[in-house]
Amino acid sequence: MGRALTSRTQQQLLVGIAALVLLGAGFLPLVLAALELPLAGVQGLAHARAALAAPATWTLLVRSLALAASVTGLALALGVPLAALLAKTDVGGRQAAFLVHAFPMFLPPFLLALGWFHLLGRRGLLGTEATSRLLFSFAGVVLVLALAFTPVVTSLVALALRGIDPSLEEAARIVAGPRRVVTRILLPLAWPAAALSALVVFALAFSELGVPMFLRVRSYPAAVFARLGGVEYAPGEAFGLVVPLLAVALGLLGCERWLAARRSFPVLGPRQRGTVPLPLGAWKGPAGAIVWALAAVSVLPIAGLALRASAGGFAGVPAWIGASLTNSIVCAGVAATIIAALGLIVGHALARGRRGAHLLDAAGVLAFVTPAAVLGVGLISLWNRPATRVVYGSLAIIIIGDVARYGVVGVRTMAGAVAQGPVEHEQLAAVVGAGFARRLFRIVVPLHRLGLASAWLLAFIFCLRDLETAVLFYPPGREPLPVRIFTLEANGPESVVAALAVVQVALTAIIVAAGATLLRRAQRA
């Protein structure tokens with residue numbers, strides 16, 4: 001009985017520490033952001049009331065919602081058919097095409113917009129007055145963001161399609177052709193993944209700050225940013241503008257909870273046996289051309305950056321990059337380690353149905369889907385104080401912001417890995433008296449080391465590409481590389497800014513390639 005109590009105490013202690021970190025980093029700042037308005041004082045309330053009463057505020061909010069919805073719709077229209085072609089048909093070179101298509105989703109969308117500018121702007125390689133007007137418009141922002149986020153849809157839907165029970169597909173093939181198998185059987189079974197991808201894309205598009213600002217299209221998050229760190233500094237108005245964003249975030253959380261309750265885990269999941277790709281026959285050539293055309297379009301802005309940087313930009317990188325590259329790697333590495341640790345503890349509890357785990361998961365999802373401007377307001381309110389100035393003035397505040405925004409990445413990755421693994425090993429260890437901590441680190445970690453490594457890698461990449469969160473509160477001289485590029489865009493030499501963007505691309509490519517290689521080798525071992 002004493003050992004059982006000790007084991008329970010260990011579990012409560014570890015989960016409690018993880019909950020304090022997760023809630024303290026992400027949920028508490030959101031609460032403070034909500035409380036800033038009533039605590040803003042008479043003058044602050046007057047400014048906030050004026051901001052909320054202005055018709056332009058609500059027009060801008062509707063415009064931003066319409067932009068996010070348009071991006072989501074276009075990303076689904078492109079990503080779902082592409083996922084079906086890549087995951088289930090005999091299109092030639094589909095694995096290579098998928099890698100080329102998917103890579104841009106690991107980059108800050110602002111960098112892709114910069115690449116399109118060097119291709120389609122007035123002085124771009126392919127630019128004309130018409131292409132420039134299209135790029136610097138509402139439609140241009142939609143196109144840039146849709147191409148940036150379509151790989152999210154493709155990846156999630158393709159993963160779901162590959163995880164469908166092969167017996168269901170084989171039974172359908174007996175009575176139907178490839179087109180009907182995909183449209184009537186496979187895609188309907190994969191709808192939870194498509195819906196989840198739509199939610200993720202909508203949240204990312206609505207929160208996007210860099211692309212609308214660069215392409216001179218007004219957006220609601222940019223209005224909050226301008227009142228916190230721009231020339232229109234007015235914190236009282238910013239607090240008022242945050243209120244509708246909180247309502248949007250709660251709506252997205254409700255959609256995610258509804259979706260999670262209806263996800264079909266018995267149908268979706270890794271299987272030991274694959275299926276023969278569906279033959280496209282005479283359509284194989286045209287389908288392959290479409291797949292590779294979309295893959296090429298995905299990486300075209302990267303080529304634009306490289307071409308612009310080749311005009312003397314790389315020589316200026318050492319003088320302009322400062323400590324931003326080191327800041328990016330340090331912040332992303334530390335944050336990813338914390339996120340992986342949180343994912344191990346909270347993800348395990350979520351997979352095993354422990355009490356309170358779903359609430360922690362919901363708090364993590366809320367921090368992810370909440371526009372970064374809201375999270376920034378909360379983090380500024382929490383940490384910009386005399387007593388915590390040592391944290392607010394160091395890289396620690398960026399790490400906290402990364403953990404707050406992307407903590408759910410580790411939780412969901414580890415929850416999926418643990419849920420698919422055997423529980424008997426843990427049960428047997430508990431029977432012979434092993435405490436919770438020993439079971440966690442001696443059984444769960446070795447069994448799910450690939451899931452833990454994947455959680456760390458995904459978190460590292462998300463933190464490495466982050467712009468929207470860090471740009472609101474980065475300490476002077478300690479900005480990560482994406483923020484450095486963003487702040488230099490207006491006044492820095494174009495070729496040097498493009499070269500810095502290529503450095504970000506190269507760093508991301510190295511991390512992704514090295515991580516994928518190590519995971520593949522570990523899987524074979």
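Span-like helix check, the chain: qualifying full DSSP H segments, with Cα axial length of 20 Å or more and mean Kyte-Doolittle of 0.5 or more, are 2-22, 55-88, 138-162, 191-207, 235-262, 284-309, 324-351, 396-419, 449-465, 494-524. Electrostatic bookkeeping for residue 504 treats Lys and Arg as +1 and Asp and Glu as -1; over the other residues with beta carbon under 10 Å from its beta carbon, the sum is +2. Label positions at residue 290 and residue 65, each projected 7 Å from the Cα along the C-beta direction, are separated by 3.3 nm. Here the chain is treated with +1 on each Lys and Arg Cβ and -1 on each Asp and Glu Cβ, and its dipole about the Cα centre works out to around 1160 debye. Quick check: the distance between the Cα centres of region 86-116 and region 454-513, to the nearest angstrom? So the two Cα centres are separated by 19 Å. The P(r) of the chain has a tail past 42 Å containing 20 percent of all C-alpha pairs.
Most tightly packed first, judged by the mean number of other beta-carbon atoms within 10 Å of their residues, the peptides 278-287, 334-343 read 334-343, 278-287. About its Cα centre, region 424-512 has a charge dipole of approximately 460 debye under the convention of +1 per Lys or Arg Cβ and -1 per Asp or Glu Cβ, with nothing else charged.
Peptides 355-366, 434-445 ordered by packing proxy, namely the average of other Cβ atoms within 10 Å per residue, highest first: 355-366, 434-445. Near residue 89, the amide H atoms lying under 5 Å from its own belong to 278; only residues 5 or more places off or on other chains count, and H is placed 1.01 Å from N.
Peptides 457-469, 308-320, 18-30 ordered by packing proxy, namely the average of other Cβ atoms within 10 Å per residue, highest first: 457-469, 18-30, 308-320.
Since every read-out is calculated from the coordinates, none of them should be taken as a lab result. Note that the structure is a prediction, hence the values are computed from the model and not measured. No Cβ is skipped: glycine too gets one built from the backbone with ideal geometry, and neighbour counts run over all protein chains shown.
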